[in-house]
1. What is the gain in length, in nm to one decimal, between residue 369 and residue 256 on full extension, counting 0.36 nm per residue of separation less the C-alpha to C-alpha distance?
2. For the stretch 178-360, count all C-alpha to C-alpha pairs, find those more than 27 Å apart, and express that count as a whole percent of the total.
3. Work out the FRET efficiency for residue 160 and residue 189 from their Cβ-Cβ distance, taking R0 = 51 Å, and round it to the nearest 0.05.
4. Between residue 332 and residue 199, how many nm apart are label points set 7 Å from Cα along the C-beta direction?
5. Just from its helices, what would the mean residue ellipticity at 222 nm be for the chain, if runs of 4 or more DSSP H residues each count -39500 (n - 2.57) and the sum is divided by every residue, rounded to the nearest 500 deg cm²/dmol?
6. Within the set 17/376; 226/343; 154/196, which residue pairs have Cα atoms separated by over 26 Å?
7. Any idea which of 152, 136, 209 is furthest toward the positive side of the dipole for the chain, if Lys and Arg beta-carbons carry +1 and Asp and Glu beta-carbons -1?
8. Amide H to amide H, which residues 5 or more places from residue 240 or on other chains are under 5 Å from it, using H placed in the peptide plane?
Amino acid sequence: MRILVIHQYLWSHYKGKIYSELQKIVDKHKQDELLVLQTSINELTRAKLGPADRSIHQYNYQVLVEDYYENIPNWKRAQKMLYWVRKFKPDVVNVSGYYEVAMNLVVFYCRLVGIKVIISVDSTEDDNPNIWWKEAIKRFVVNRAHGFFNYGSKATEYMIKFGAKPEQILLENNAVDNQKILSIYKEALPDREKKKEELGLRPFNFIYAGRLMAIKNVANLLISFKSLGNKDWGLIILGDGAEEQKLKQYVADNQVEGVKFIEGQAWYNVPKYTALADVFILPSYSEPWGLVVNEAMVCSMPVIVSNKCGSAHDLVKQGENGYTFNPYDTNELTEVLRKFVEKPEQIKTFGQASKEIIKKYSPEQVAQEMYDGFKKVTHEN
């Protein structure tokens with residue numbers, strides 16, 4: 001079985017781990033071969049988060065263009081993708097999404113020449129406004145696939161709506177490098193109190209980690225935090241982006257105390273700051289999944305996640321390891337924050353629940369389910 005995977009960015013460290021695990025499985029079967037095409041090095045919005053770490057990509061891969069994704073025209077992407085499809089002669093191709101012209105051309109070409117197609121889906125119905133003609137195009141592309149690797153149950157619901165059959169759902173999982181994240185977190189813990197003192201942090205802290213963009217809804221998070229008015233709790237905002245100055249101005253103008261802004265970090269530094277906090281928050285208006293939730297749960301943290309994030313529906317067990325909320329309702333978020341402020345003793349029990357829940361969301365498990373999916377669509381035993 002010859003497996004070809006087409007992905008967008010080499011920078012995606014979590015995918016690097018999953019593909020590395022997939023390579024290990026493939027190597028156990030001498031008749032199988034894996035090739036991963038990375039379209040680009042990174043995307044422009046993540047340019048400040050550090051270069052792609054090639055050392056974590058322990059699998060057979062090719063970078064199609066050594067540039068940022070947005071700088072590569074669709075025709076060039078399609079040309080290079082189709083070149084490798086013809087050269088590698090795969091039995092099955094896994095493409096990322098159904099929204100990019102070049103990827104869709106690969107789908108149509110594969111169907112034309114009899115190559116099986118699996119689409120990786122990170123979208124949900126809540127992601128973007130659903131315009132009828134765009135939905136029609138999505139439906140057309142989706143119905144060309146033989147199977148789907150979905151990032152959670154909400155993505156599956158979306159594909160079923162478009163006509164995918166339940167037996168075509170080959171994966172409902174998404175993972176980070178659990179072991180690496182936990183290792184970095186544990187290394188940082190002994191210096192936790194010292195570092196908190198250096199940064200002027202409060203005894204307890206909520207933390208948001210991600211880009212500072214309007215869709216991430218950090219503005220409403222600040223409004224909700226301000227309403228708490230508790231001097232024992234602070235808020236760490238880790239990241240940078242277009243909204244940074246606006247958010248800082250709000251804090252200054254409204255004299256919101258206890259907020260600490262920290263510049264964006266490379267992925268391997270984020271757990272060091274997670275170690276300084278107690279409860280993780282992802283307040284986004286829209287998020288296909290939100291892998292930062294996985295990372296926080298690996299570090300045994302309670303999580304507060306917007307119900308517009310895909311991971312909220314699979315990873316958050318209400319009242320057990322965290323809470324979900326309506327991102328448009330600042331009062332609701334304030335009340336959820338207050339649950340931890342009033343009962344900080346539940347932080348540990350919620351964190352332990354997170355640690356247990358996240359165990360099955362591992363790169364090893366994702367890789368195995370991917371391999372099983374490839375075997376299923378190619379009808380090999």
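A short reminder: the numbers here are calculations on the coordinates, not readings from a lab. All values derive from a computational prediction rather than experimental measurement. For neighbour counting, all protein chains shown are included, and Cβ atoms are generated from backbone atoms with ideal geometry for every residue, glycine included.
1. That pair, residue 369 and residue 256, stretches by 36.0 nm at full extension.
2. Of all Cα-Cα distances in the stretch 178-360, 17 percent exceed 27 Å.
3. Details: r = 43 Å, r/R0 = 0.83.
It comes to 0.75.
4. 2.9
5. Roughly -12500 deg cm²/dmol at 222 nm, from the helical runs in the chain.
6. Details: 17/376 23 Å; 226/343 19 Å; 154/196 37 Å.
With Cα atoms farther than 26 Å apart: 154/196.
7. My answer, from the dipole projection, is 136.
8. Long-range HN contacts for residue 240: 212, 264.
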